[in-house]
Amino acid sequence: MSDTASASNVKKVLIIGSGPAGWTAAIYAARANLNPVCYIGVPKQDPSPILPGGQLMLTTEVENYPGFPEGVTGPEMMEKFQKQAERFGTRIVGEDIVKCDFSKRPFTLTTSSGAAVNAHSVILATGAVANWIGLENEMRLARSGGGVSACAVCDGALPVFRDQVLAVVGGGDTAMEETSYLTKFARKVYVIHRRDEFRASKTMQQRVLGNPKVEVLWNKVVVDVLGEDMISGIALQDTKTGERSQRDVKGLFIAIGHTPATRFLQGSGLALDDKGYVKMPVPHRSNTNIEGVFVAGDVADSVYRQAVTAAGMGCRAAIDAERWLAEQGVH
């Protein structure tokens with residue numbers, strides 16, 4: 001142990017992130033008397049909004065999380081998670097972790113204020129940020145619950161979208177999955193793609209192209225989102241001719257991918273995949289390639305990206321960390 005990291009100031013568990021994964025990890029770690037410290041981050045534009053609480057802070061209605069039969073807003077849910085974590089003694093720090101040194105234990109992490117923090121174990125729960133087009137009205141209506149979303153599985157079944165004309169932006173597998181899901185509820189779904197062919201697998205393409213509810217608008221990009229309190233339509237531009245057009249829609253779903261929040265891990269030695277997600281080398285565990293560093297939520301999950309799966313992963317990470325610390329003689 002270094003001179004600067006005396007036993008008294010080394011955190012047993014340091015959690016980075018404050019979405020469902022981070023808060024659940026904090027609840028479990030706190031109840032196990034591990035005195036967790038949770039670095040929740042600070043609000044920023046990077047380039048799309050990033051808020052403490054994660055993507056749920058941009059979700060107005062959550063109807064598919066167990067225990068909320070009448071539904072709950074994303075911010076309200078995250079507030080409840082935080083209060084539960086605080087109830088059991090989680091300490092909260094409103095800073096970012098900007099650098100991690102996992103080369104020796106205890107680990108050394110640097111905060112956005114320049115302070116160095118030492119920890120025996122770390123749980124990474126920084127999530128992934130939806131990629132947005134970047135239009136002013138797009139972001140305004142996404143934040144206000146005005147019919148713009150980055151998750152059809154999360155929001156597509158809401159009453160406001162049922163039997164309506166909706167639009168999906170994207171051409172990969174995610175866009176095809178989102179479109180197929182929306183056809184269960186919508187009257188019609190436009191798929192807007194900037195090229196003249198999809199990147200998605202042939203199977204996924206066939207599922208969409210063969211659906212009578214779907215119309216593909218090839219070689220088009222969204223250049224504006226129309227509407228005041230709720231979306232009323234979208235303005236399009238042809239990528240080949242430059243021609244402008246409009247479509248009346250009551251919902252817009254952006255399906256152009258996610259970016260995991262792992263930029264601060266560069267140079268740390270932590271193994272990431274080619275898209276930047278944290279690798280989990282042991283199936284059904286939260287371990288990473290570095291002993292004592294665990295991961296939970298969308299920062300390691302490019303498939304499900306749901307609040308309930310993130311919370312489950314947070315539980316797993318806290319239990320794995322508790323058992324690993326016990327093996328190291330840290331109680």
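No value in this document is a laboratory result; all are computed from the given coordinates. The model shown is predicted, which means the values in this text are computed figures rather than measured ones. When we count neighbours, we look across all protein chains shown, and the Cβ atoms used for this are built from the backbone with ideal geometry, even at glycine.
Bridge orientation summary for region 132-254: considering DSSP beta bridges with both residues in this region, about 40 percent are antiparallel.
With 0.36 nm allotted per residue and the present C-alpha distance subtracted, the Ala157-Glu95 stretch has 18.8 nm of extension available. Each residue of region 312-325 is assigned a 3J(HN,Hα), and the resulting list reads x, 5, x, 4, 4, 5, 5, 5, 4, 5, 4, 5, 5, 4 Hz, derived from the Karplus form 6.51 cos²θ - 1.76 cosθ + 1.60 (θ = phi - 60°), x at Gly and Pro. For the pairs Lys12/Lys99; Lys99/Lys275; Lys44/Lys275; Lys202/Lys275; Lys80/Lys250, flag any whose C-alpha to C-alpha distance is greater than 24 Å. Correct reply: Lys80/Lys250. Considering only beta bridges that DSSP places wholly inside the chain, some 50 percent are antiparallel.
Hydrodynamic analysis of region 132-254 uses the Kirkwood radius over alpha carbon pairs. Inserted into Stokes-Einstein at 20 °C and 1.002 mPa s, it gives a translational diffusion coefficient of 152 µm²/s.
With the charge dipole of region 132-254 set up from +1 on Lys and Arg Cβ and -1 on Asp and Glu Cβ about the Cα centre, the Cα lying farthest toward the positive end among the listed residues Ile254, His193, Gly145 is that of His193. Of the three principal axes defined by the Cα atoms of region 289-331, the extents in descending order read 35, 19, 8 Å.
Between the helical axis of 173-182 and the dominant principal axis of the chain, each derived from Cα atoms, what acute angle in degrees is found, rounded to the nearest 10? In the chain, helix 173-182 runs at an angle near 70 degrees to the longest axis.
Dipole magnitude for the chain: computed about the Cα centre from +1 point charges on Lys and Arg Cβ and -1 point charges on Asp and Glu Cβ, it is near 440 debye. Near the amide H of Gln164, within less than 5 Å, lie the amide hydrogens of Arg187, Lys188, all on another chain or at least 5 residues away, with H placed in the peptide plane.
If R₀ is 25 angstrom, what is the calculated FRET efficiency for the pair Lys188 and Arg244, using the beta carbon separation as r and rounding to 0.05?
Details: r = 21 Å, r/R0 = 0.85.
Calculated value: 0.70.
Output the peptides 217-227, 168-178, 108-118 sorted from most to least packed, where packing is the average of other Cβ atoms within 10 Å over each peptide's residues. Intermediate values should be presented prior to the final figure.
Details: 217-227: 17.8, 168-178: 23.2, 108-118: 15.3.
So the order, starting with the most tightly packed, is 168-178, 217-227, 108-118.
Under a 5 Å amide H cut-off, with hydrogens placed 1.01 Å from N, Val216 pairs with Val191 among residues at least 5 apart or on other chains.
Under the Kirkwood approximation applied to all pairs of distinct alpha-carbon atoms, what is the hydrodynamic radius of the chain in Å?
Across the chain, the inverse of the average 1/r is 20.9 Å.
Run through region 44-114 and list the chymotrypsin sites (Phe, Trp or Tyr not before Pro) located in a DSSP loop whose Cβ has at most 10 other Cβ atoms within 10 Å.
Details: sites: Phe81, Phe88, Phe102, Phe107; in loops: Phe88, Phe102.
Here no loop site has a sparse enough neighbourhood.
Shown for the chain: cysteine residues without a partner Cβ closer than 4.7 Å, namely Cys38, Cys100, Cys315. Estimated at 0.36 nm per residue, the fully extended path between Asn35 and Glu86 surpasses their Cα-Cα distance by 17.3 nm.
Are there any trypsin sites (Lys or Arg not before Pro) in region 228-294 that are in a DSSP loop and have at most 13 other Cβ atoms within 10 Å? List them by number. Each step should come with its number before you reach the end.
Numbers: sites: Lys240, Arg244, Arg247, Lys250, Arg263, Lys275, Lys279, Arg285; in loops: Lys240, Lys250, Lys275, Lys279, Arg285.
Here the trypsin sites (Lys or Arg not before Pro) that fit, given the DSSP loop and packing criteria, are Lys240, Lys275, Lys279.
With N counted as the residues of region 57-213, its alpha-carbon radius of gyration over 2.2 N^0.38 Å works out to 1.36. Taking label positions 7 Å along the Cα-Cβ direction at both Phe68 and Thr111, the computed distance is 2.9 nm, reported to one decimal. Derived scalar couplings between HN and Hα for region 22-28 equal x, 5, 5, 4, 5, 4, 5 Hz in order, rounded to whole Hz, by the Karplus curve 6.51 cos²θ - 1.76 cosθ + 1.60 (θ = phi - 60°), x for Gly and Pro. Based on DSSP H segments of at least four residues, each scored -39500 (n - 2.57), the chain has a per-residue ellipticity at 222 nm of -7000 deg cm²/dmol. Name the shape class, rounded, prolate or oblate, that the alpha-carbon gyration tensor gives for region 252-331, where a ≥ b ≥ c are the square roots of its eigenvalues, rounded holds for a/c under 1.5, and otherwise prolate holds if a/b is larger than b/c and oblate otherwise. Since a/c reaches 1.5 but b/c is at least a/b, the shape of region 252-331 is classed as oblate.
Peptide packing: for 52-59, 12-19, 306-313, the average count of neighbouring Cβ atoms within 10 Å per residue gives the ranking 12-19, 52-59, 306-313, highest mean first.
For the peptides 266-274, 189-197, residues were scored by their other Cβ atoms within 10 Å and the scores averaged per peptide; the highest-first order is 189-197, 266-274.
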